[in-house]
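Derivation of every value follows stated rules applied to the coordinates shown; laboratory data play no part. Values in this document were obtained by computation on a predicted structure and should not be read as measured data. Cβ atoms come from the backbone with ideal geometry, glycine included; neighbour counts cover every protein chain shown.
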Amino acid sequence: MKINWFKYAAPMNFYSLSGKSIPFFWITALVFIATGLYWGFFKTPDELDNGMKEYYRIIFVHLGSVWMAMWLYIVMVFWAIVGLVFNTRLSFIMASATAITGALMTFIGLVTGAIWGKTSWGTWWDWDPKLTTFLILLFIYIGYIALQSAIEDTRRADKASALLALVGLAIVPIIYYAVNCPDPTQCSSLHQESSLKRIEPNIMTAMLLTTFGFWMYSFAVILMRARNIILQRERKTTWVSKLPEVNQ
C-alpha cells in the first residue's frame, strides 16, 4: 500500500503521527544513552597511553553533544529553507522546535569542554578558533530564538529567523575546519585536534552508542516541542478543540 507522506505536512496530521512516534524515540534514547555510559565507564581503559586519567570519560557526553549541536543546526536550516521555498507552516514549526534543543546541546558541549579544559590544561577557557567558533554557534541559536520571540506576527517571525539561520550556517564549516585543521600551526590551541582514527575501539563504541542516544533524544524532544507549538498556533481551530488532552 502506497503511503502519501505529503499529507503529514498538515499540522493536524503531523500532530497525530508524532504523538505515536515519541515513545519509541524516548525508549531508544534511554536504552542507548544508558548502554553507552555503562560501556564508557566500565568497559573502557582506566587510563590512556598519553597519560590522561579518569577525567577523559567526559568525552562520552562532550563529543556527542558537540556533534548534535552542529547536526541540529543543519537540520534547523533545512527546515527553514523548506519553509521559505514552499511557505509551509510545519517547516517553520520544526525549525523553531529544533533551535532550543540545538542550543541545549551546544551549551552542554561548552560546559563539558570547560570541565575537560580545567582538568587537562588548568584553565576553563581559551580564546582559540575551536572554542570561540562553538561559542558563536550558541549565540546564533540564542539569536534565532530571541528573534522569534521579539516579533509578534508569527509569519514574519518565522521568515526573519529563517533568514538569520541561513546567514549563521557559515559557522558550521568554520567549526569543522577549526577542529580538523589541515595545518595545525594555523589553528594552534590547547584544544586537541580531531583523532577519531586513533581512538581505542571500546572508547569509540561507547561514544557512538551515547551519540546515537542523544540523536534519539533530540528527535523525541523536538517532536514534543513541535506538538506544543502546533497547539499554540492552531488553538482556534476546530480539530484542536476536539483533542482529549486539550479538553481535560
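For residue 7 and residue 87, the difference between the fully extended length at 0.36 nm per residue and the C-alpha to C-alpha distance is 27.3 nm.
Longer than 28 Å from Cα to Cα, which of 7/242; 43/118; 43/130; 20/130; 159/242 are they? Say none if no pair is. Going by Cα-Cα distance, 43/130; 20/130; 159/242 fall outside the 28 Å limit. Projected label points at residue 120 and residue 235, each 7 Å from Cα along the beta carbon direction, are separated by 4.6 nanometres.
Near residue 25, once Lys and Arg are set to +1 and Asp and Glu to -1 for all other residues with Cβ below 14 Å from its Cβ, the sum equals +3. One chain, two ends: residue 132 and residue 176. Fully extended at 0.36 nm per residue, the span grows by 14.6 nm beyond their Cα-Cα distance.
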